[in-house]
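K.L.:
My questions all concern the structure below.
The values are calculated or read from the model by the stated rules, or taken from the named source; none is laboratory data. If you're wondering where the values come from, they're calculated on a predicted model, not measured in any experiment. Neighbour counts run over all protein chains shown; Cβ positions are idealised from the backbone, glycine included. Calculation scope for accessible area: heavy atoms of the full protein, side chains included, ligands and nucleic acids excluded. Shrake-Rupley method; radii C 1.70, N 1.55, O 1.52, S 1.80 Å.
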Protein chains: 2
Amino acid sequence: MSGLREAKKQETRRAIMQAAMRLFSEKGFEKTSIEELARAAGIGKGTVYGYFPTKSDILHAFCEDELECLRQELTANADQEVPILTQMVRIYMAEFMKITENREFARIFMQQTAFPRDVDLQRHLAHEDNYFALLFPILEKAQERGELRRELELLHITGHFYGLYLLLVSAWFSGRIATEEAEEALTDLFRQALEGLQPQKTLNSITDNGNE
Amino acid sequence: MSGLREAKKQETRRAIMQAAMRLFSEKGFEKTSIEELARAAGIGKGTVYGYFPTKSDILHAFCEDELECLRQELTANADQEVPILTQMVRIYMAEFMKITENREFARIFMQQTAFPRDVDLQRHLAHEDNYFALLFPILEKAQERGELRRELELLHITGHFYGLYLLLVSAWFSGRIATEEAEEALTDLFRQALEGLQPQKTLNSITDNGNE
DNA sequence: CGGAAAAAATGACCACGGTCGATTTTTATG
DNA sequence: CATAAAAATCGACCGTGGTCATTTTTTCCG
């Protein structure tokens, strides 16, 4: 029966991940060897490579799982009537707080996510598309409400917000933005993006400028 | 005389870089071993580590040098009377074209630049500050001309553009944006940033909307 | 110049990530 | 159940990045 084999594989995969996360957290990513990790998971070293192509892929898979879960949760429970600025800040701040829980994890994950190896492209694109599918309805609603310009493509808007999120994380790594300042910084950034960097040519005080 | 020793060190450093770049280009970064590289530079393996802490630091130092040079050139020759959109696109596109000349180099460089290891923080910040010092006058002039809102901090504006640049590079890696489309994409992105994602509350046709 | 001290160069060495052919386990089939 | 094919497991093995004790070179100073 192929179901049994499949179940066992899943179990092994879980065991590897679990052992990996425990050890990576305890001793750090670099200091944990594959051999050690395999022993902790109760398998041989070579077996690990039947499940993950590289060491950092184990970490990446874990982070992706966690974020996937978080995103589902957030976009499902989103109150779509709230201003788009608030919604975007909430979504990306959740992602930020999650990812920055462990600096080393975050670095490896972000490096691979933002600038993926060619081998990972397929998987990467699939995940991204998946994410877009969650974000698009929210942005579309905002367009309908008149909060976002209708002539802009959803992909471009998503990209704009995502770019600013990348900046936030990058600035956090370089120590320019502390964890406590992150929300304010992201809000400023997103507000800037919405209002525009150039002066409004008109009365812009009628908008929800000061609703923070 | 300590001048002689110093000169020799510089010469060795140059030799390492030169050999590294030749080999990395020919055979790829991963496929080039430090031993091999050292031989090509006419020195012993261990000596390399007296000049660069890790293998990828050799590559990173090279890229940083090249970009530093490019930036100096560009910001010096900038025509500060041209619209800020054009100027920013020109600067970041030059950076983009340079960095994407070699995909492997680009990946390693961007990964380390956007999400640097703690060990590299000091050097990283110094370089960034240096870059800001080149960008700020340009943005300041644009503020004075009324092209950028005066109440925004220069650092935030820089960050905004830089974030969108990060997005461009990331999208290039994932194959969402081809090299030939990059300039148009970046222009769109920057224009979006200037005009704002939300609808202008007024007549926005008087601006230089269609000057491309 | 002599020789001690500091700096730099070196390659044997180590630990680890990843590979691979041999071996075991599971599945499919008559 | 027998047996062959397929899948999964394994650890010895390889090449490499990075370290370090030792050696060589340079500097300094009487």
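K.L.:
How many residues are closer than 16 Å to B:Val169 by Cα, hydrophobic (A, V, I, L, M, F, W, C) and within 7 Å of chain B (Cβ to nearest Cβ) if we restrict to region A:148-168?
P.N.:
Looking only at that region, the number is 3.
K.L.:
Return a yes/no flag: does region A:41-57 have any residue that is within 14 Å of another protein chain (Cβ to nearest Cβ) and away from DNA strand C (no atom under 12 Å from the Cβ).
P.N.:
no
K.L.:
Report, by residue number, each residue of region B:33-47 that is farther than 13 Å from B:Gln18 by Cβ and either of a type in the set (Val, Ile, Thr) or within 8 Å of DNA strand D (Cβ to nearest atom) (or both).
P.N.:
Matches in region B:33-47: B:Ser33, B:Ile34, B:Glu35, B:Glu36, B:Lys45, B:Gly46, B:Thr47.
K.L.:
Residue check: is B:Arg107 buried (at least 18 other Cβ atoms within 10 Å of the Cβ) and of a type in the set (Lys, Arg)?
P.N.:
It is true that B:Arg107 is buried (at least 18 other Cβ atoms within 10 Å of the Cβ) and of a type in the set (Lys, Arg).
K.L.:
Looking at B:Phe115, is it within 23 Å of A:Leu168 (Cβ to Cβ) and more than 10 Å from every other protein chain (Cβ to nearest Cβ)?
P.N.:
no
K.L.:
Next question. What number of residues within region A:73-88 are open to solvent by 10 Å² or more (accessible area, probe 1.4 Å) and within 14 Å of another protein chain (Cβ to nearest Cβ)?
P.N.:
Adding up the residues that qualify gives 3.
K.L.:
Yes or no: region B:10-19 includes at least one residue that is exposed (fewer than 13 other Cβ atoms within 10 Å of the Cβ) and at pLDDT 95 or above.
P.N.:
yes
K.L.:
Any residue in region B:15-35 that is in a helix (DSSP H, G or I), of a type in the set (A, V, I, L, M) and assigned by TED's automatic domain parsing to the domain that holds B:Thr158?
P.N.:
Within region B:15-35, none of the residues are in a helix (DSSP H, G or I), of a type in the set (A, V, I, L, M) and assigned by TED's automatic domain parsing to the domain that holds B:Thr158.
K.L.:
Could you grab me the full set of residues in region B:44-85 that are of a type in the set (S, T, N, Q), assigned to a helix (DSSP H, G or I) and farther than 22 Å from B:Val119 by Cα?
P.N.:
The answer is B:Gln72, B:Thr75.
K.L.:
Right, another one. Give just the number: which of (1) more than 16 Å from DNA strand C (Cβ to nearest atom); (2) open to solvent by less than 20 Å² (accessible area, probe 1.4 Å); (3) within 14 Å of chain A (Cβ to nearest Cβ) does B:Gly28 not satisfy?
P.N.:
With (1) more than 16 Å from DNA strand C (Cβ to nearest atom); (2) open to solvent by less than 20 Å² (accessible area, probe 1.4 Å); (3) within 14 Å of chain A (Cβ to nearest Cβ) applied to B:Gly28, the lone miss is (1).
K.L.:
I need a count of the residues in region A:132-141 that are open to solvent by less than 20 Å² (accessible area, probe 1.4 Å) and either at the interface with another protein chain (Cβ under 8 Å from one of its Cβ atoms) or in contact (Cβ under 8 Å) with a residue 60 or more places away in the chain (or both).
P.N.:
The number of residues fulfilling the criteria is 2.
K.L.:
Collect the residues in region B:21-32 that are among the acidic types (Asp, Glu) and more than 8 Å from DNA strand D (Cβ to nearest atom), keeping them in residue-number order.
P.N.:
Matches in region B:21-32: B:Glu26 only.
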